[in-house]
Structures are given as C-alpha cells and as structure tokens.
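The values are calculated or read from the model by the stated rules, or taken from the named source; none is laboratory data. Every value quoted in this text rests on a predicted model; they were computed, and no experiment measured them. Neighbour counts run over all protein chains shown; Cβ positions are idealised from the backbone, glycine included. Accessible surface is based on the protein model in full, side chains and every heavy atom, while ligands, DNA and RNA are left aside. Shrake-Rupley method; radii C 1.70, N 1.55, O 1.52, S 1.80 Å.
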Amino acid sequence: VFGGAFDPPHNAHVALARSAVEQLGLDELRIFPTGQAWHKARDLTPADDRLAMAKLAFGRRRKMVVDPREMRRAGPTYTLDTLRELKQERPQADLVLIMGADQAAALPSWQGWREILAMAVIAIAQRPDASGGHPEFNPAGLPDVPPEARFERINLPLMDTSATEIRARAAAGQSVSPMVPPAVARYIALHHLYRTA
C-alpha cells in the first residue's frame, strides 16, 4: 500500500515504488492517490488530473496497480479505512504500508494509528542525507507501540526531488522533465497544470 497526494507523481515516488517491490518481494503494490487529505493545508490539484498522472507514472510498471478508491470516498481520506477495506477483501494477504521516515515519525497523529500498526507491516523508506548518512527512524520513539507491530526498511538512492519544487517550476513556466516521468511531464504541459496565470 503506497498512498500520497501524487501532486504530481515524480521520479522519487517511482524509485520508491520500484525499490519496495524489489526489496520487500511484494506480489503487488497498490498505489492510492489520496482523496481529501486530512493533513494537507493547501488545495490539491483535481482528483481526475492526479489519478491520470498516477496511471501514467505507475500504471504500466510490473506488479503496480493504481487504485482510485480513496478519491471516490466522501470526506477526509484515512489510511485506516483503506487498510480495513483491503483486509476485508483479502483476509489472507499480508499488508505492507509504505511511507517515508518523516511520516513514520508522525504516525501518532494518524487516525487509528495503533490499529494500523496491528494490521500492516510498516515499510519505511530510508534515504541517505546530503552527507551520505542515513538518518534512522527508531520505532522505539513512538509511544505505546503495539507488541505485534512490525517494521521493515526500504533503502533508497539519494534523490533531491519534491512535488513542491516541481509545482513551483511548472508555475514559473520552467521544464519539469528531469524530475517526473516523461508521460507526466507531457500531461502537465498539455493541461497547463500548476500555472497561476
């Protein structure tokens, strides 16, 4: 399970997805573009555009499936609801939730976070910092972690890419081609996304 705004999906997202499939030996990676993100202060790009870009970025890659269910859900999007649905659909499946170290540190602010820890393995993407070191996430720093909680690590290459920077470049009329998959760059240009004028 790999969720996010994907506004837009960029090369670091794709690298994380590929690394997760390879390093964790996943049978399938479901990509969930978020609907109404409860934790985002800014308005997201319309769901249809983000879904189209996610399909362009991930849809033809082996073992990856873009799942639009969070976008169709009314009200705020919670990972807990998605995991419950998946567990009901596939009771025998071992669920793995993929996230960055910053999200992992913020887990206690998530709706039903202890239930999430009981339901899914948490796979944390570890990127080296600029010095080449790995700032480690330590699950022991979380309060009252359930005893059944399981954590895995995904090693990523150093990639200095952010959706915020991509949106700013697109708004300024600059090329975003080196930062996003080619089909996503074409979609952004064709639909004039992130342009302020």
Please go through the stretch 94-111 and pick out each residue that is modelled with pLDDT of 95 or more and farther than 12 Å from residue 2 by Cα. 94
Does residue 47 qualify as being surrounded by 14 or more Cβ atoms within 10 Å (Cβ to Cβ) and either at pLDDT 95 or above or under 24 Å from residue 190 (Cβ atoms) (or both)? yes
Select from the stretch 114-130 the residues that are open to solvent by 30 Å² or more (accessible area, probe 1.4 Å) and assigned to a loop (DSSP other than H, G, I, E, B) and write down the one among them that is modelled with the highest pLDDT. 127
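Collect the residues in the stretch 86-113 that are charged (D, E, K, R) and open to solvent by 70 Å² or more (accessible area, probe 1.4 Å), keeping them in residue-number order.
Across the stretch 86-113, the qualifying residues are 89, 90, 94, 102.
I'd like to know if the stretch 66-83 contains one or more residues that are touching a Lys or Arg at 6+ places or on another chain (Cβ under 6 Å) and open to solvent by less than 60 Å² (accessible area, probe 1.4 Å). Before you say what the answer is, go through the steps one by one.
Quick first cut of the stretch 66-83, residues touching a Lys or Arg at 6+ places or on another chain (Cβ under 6 Å) only: 66-67.
Now drop any that are not open to solvent by less than 60 Å² (accessible area, probe 1.4 Å), which leaves 66-67.
The answer is yes, given that some residue of the stretch 66-83 is touching a Lys or Arg at 6+ places or on another chain (Cβ under 6 Å) and open to solvent by less than 60 Å² (accessible area, probe 1.4 Å).
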Tabulated pairs, the stretch 1-18, first touching a residue at least 60 places away in the same chain (Cβ under 8 Å), second open to solvent by less than 10 Å² (accessible area, probe 1.4 Å) and part of a loop (DSSP other than H, G, I, E, B), C-beta under 6 angstrom, 6+ apart or interchain: 8/180; 10/180
Kindly establish whether residue 70 is touching a Ser or Thr at 6+ places or on another chain (Cβ under 6 Å) and acidic (Asp, Glu). yes
Taking the residues in the stretch 139-161 that are at pLDDT below 85 and not in a loop (DSSP other than H, G, I, E, B) as candidates, determine which candidate is surrounded by the most Cβ atoms within 10 Å (Cβ to Cβ). 139
